[in-house]
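A short worksheet on the structure shown next.
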Amino acid sequence: MVKLNASFYEDNNVLRVAKRLLGKLLVTEMDGVRTSGRIVETEAYAGATDRASHAWNNRRTARTEVAYAPGGVAYVYLCYGIHHLFNVVTNLKDVPHVVLVRALEPIEGIDHMLARCGKIKLDTTLTAGPGSLSKALGITTALTGESLLGNKLWIEDAPNLPGSAIETGTRVGVAYAMEDTYLPYRYSIKGNKWVSKGKGLKK
DNA sequence: CCGTCGATCTCCT
DNA sequence: GGAGATCGACGGG
């Protein structure tokens, strides 16, 4: 399997990256344990011009500074004080576009993932949802800023899906974003059972 | 099956 | 002080 390279992440179209990430393999390897899952759901956050983005209007805080790095690093932040949400930084330096990975289909190291989550049986609660998948793969805010070209956390290539296999919708939990609430920036693999149950708002 | 609520960090969008 | 790119526990029907 081939790791996605810098040029994949430095693409200046965050929507294209979000769609291309569907079907690819998100891998972590820590303490000799490899776990992975196929990406089945993503959301794009278009930085300065996107009111749903933490980096709207080029806002810079300690938390979001990493989103301004060149594409190809992890942006992991704490949501509701508890959940670690994994995002892929895209585009060039100083353009804070990111893709939130919202759901995975578990592939490798399922026993390790279950153990991390205190679960016995495999079901969709393991990795359907951005907080859940981070816990299953052992992703925490300690990994924010980590290169996706390194050996802890990376994404392996897979063929791009045809447009007909991709479901498009509105993003989950962004009702505060005013005119950007209804942007069609959520993508998932049509009919895949590992997609999260989160509902985007309808216009 | 559904609605409610608590957890508890960051930024006030 | 309040809300948030969330989840799971709990109680009622």
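So for region A:157-170 (the condition being touching a residue at least 60 places away in the same chain (Cβ under 8 Å) and either open to solvent by less than 20 Å² (accessible area, probe 1.4 Å) or in contact with a His (Cβ under 9 Å, 6 or more places away or on another chain) (or both)), does at least one residue qualify? Looking through region A:157-170, none of the residues is touching a residue at least 60 places away in the same chain (Cβ under 8 Å) and either open to solvent by less than 20 Å² (accessible area, probe 1.4 Å) or in contact with a His (Cβ under 9 Å, 6 or more places away or on another chain) (or both). The number of residues in region A:40-77 that are more than 14 Å from DNA strand C (Cβ to nearest atom) and crowded, with 21+ Cβ neighbours inside 10 Å comes to 2. Only a single criterion out of (1) on the phi < 0 side of the Ramachandran plot; (2) in a loop (DSSP other than H, G, I, E, B) is not satisfied by A:R102, namely (2).
Residues of region A:157-194 being part of a loop (DSSP other than H, G, I, E, B) and away from DNA strand C (no atom under 16 Å from the Cβ), which ones? Matches in region A:157-194: A:D157, A:A158, A:P159, A:N160, A:L161, A:P162, A:K190, A:G191. Among what's in region A:16-72 and is small (G, A, S) and in a helix (DSSP H, G or I), pick the residue that is farthest from A:D94 (Cα to Cα). Within region A:16-72, the match that is farthest from A:D94 (Cα to Cα) is A:A18. When you look at A:T28, is it open to solvent by less than 10 Å² (accessible area, probe 1.4 Å), farther than 27 Å from A:S164 by Cα and polar (S, T, N, Q), yes or no? Answer is yes for this residue. No other residue among A:G109, A:G131 is within 12 Å of DNA strand C (Cβ to nearest atom), touching a residue at least 12 places away in the same chain (Cβ under 8 Å), open to solvent by 10 Å² or more (accessible area, probe 1.4 Å) and in contact with a strand residue (DSSP E or B) (Cβ under 6 Å, 6 or more places away or on another chain) apart from A:G131.
The values are calculated or read from the model by the stated rules, or taken from the named source; none is laboratory data. What you are looking at is a predicted structure, and each value in this text was computed from that prediction instead of being measured. Heads up, the Cβs are rebuilt from the backbone with ideal geometry, glycines too, and the neighbour counts pull from every protein chain shown. The protein model used for the area step is the full one, side chains on, heavy atoms only, and it has no ligands, DNA or RNA in it. Shrake-Rupley method; radii C 1.70, N 1.55, O 1.52, S 1.80 Å.
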